[in-house]
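Okay, structure first, notes after.
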Amino acid sequence: MKKRLIITVDGPAGSGKSTVSRILAERISYMYLDTGLLYRAIAYKAMQRGISIADDEALRELCDGINIPLETDGDMRVLVDGEDVSDNVRTEEIGMLASSISAVSAVRDALLPLQRSAGKHGGIVTEGRDMGTVVFPNADVKFFLDADVDERARRRYEQLVENGGNANLDEVKRGLETRDYRDTRRATAPLKPADDSVIIDTTGIDIEEVVRVVGDRIGAGR
Ligand code: DC
């Protein structure tokens, strides 16, 4: 039987990592784990319950209430205290709050075992900011996707419009820059490529082409 790998895909927002990870996981019948969704779920619930970003204890409790049903068909869902919040968290506002909350060490510590347990049998494509550096340092194949900020902003903007949202390209770009700054400068598990990652600049490259390059690398690593 072929070894079931742990494949990590890290990178900033709009780098194409979600699309690539999702397509890849589906093609090779692996589980897809979007860890940004976990931070977004905590941000959403904290906002709903009026929990301050300084309240470590309350944030940790929220993390304890997270559940990821594993029997999904590729489209990952996340529950907090039994409520499926997956469809409420994909806004720019929640992305920004998730970026702030993800700098809280208590939150990162609390979400670590959950992420590791999802990958304990391998057969997983997992995306985020610290998958290859902190969560799965011994992953079999690691990718780091990046792209020019203007292109990332354009992709994000188009996604928001497609989902029926009201978006402004300049605002989206400024939001990305703020998040990039925060995600790369925080003290705990900052966004950066693992030393042994394959770095791919997706600027101007069709997503199918990125999937092909990633797929070839995995084939070579098996
Ligand atoms: O990938 P995303 O845009 O859904 O992530 C939202 C925020 O969550 C991101 O700005 C930083 C944080 N995050 C993180 O710190 N570590 C991860 N592994 C995934 C996301």
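Here, each number is a calculation from the coordinates, and none is a lab measurement. These numbers were taken from a predicted model, which means no experiment stands behind them. In this analysis, Cβ positions are derived from the backbone assuming ideal geometry, glycine residues included, and neighbour counts consider all displayed protein chains.
Some observations on this one:
- Here L191 fulfils each of the conditions (1) within 17 Å of K17 (Cα to Cα); (2) surrounded by fewer than 16 Cβ atoms within 10 Å (Cβ to Cβ) apart from (2).
- Matching residues in the stretch 1-32 - criterion: being part of a helix (DSSP H, G or I) and either touching a His at 6+ places or on another chain (Cβ under 6 Å) or within 10 Å of the ligand (Cβ to nearest atom) (or both): K17, S18
- Within the stretch 33-88, being among the aliphatic types (A, V, I, L, M), part of a loop (DSSP other than H, G, I, E, B) and touching a residue at least 40 places away in the same chain (Cβ under 8 Å) holds for I53, I68, L70, M76, V78, V85.
- In this entry, I218 passes the filter for residues that are surrounded by 13 or more Cβ atoms within 10 Å (Cβ to Cβ), assigned to a helix (DSSP H, G or I) and among the aliphatic types (A, V, I, L, M).
- Residue in the stretch 175-209 that is nearest to the chain's Cα centre (by Cα), counting only those that are among the polar types (S, T, N, Q) and farther than 25 Å from A103 by Cα: T202
- Matching residues, the stretch 134-153, being closer than 21 Å to D201 by Cα, of a type outside the set (A, V, I, L, M, F, W, C) and touching a residue at least 60 places away in the same chain (Cβ under 8 Å): D140, K142, D146, E151, R152
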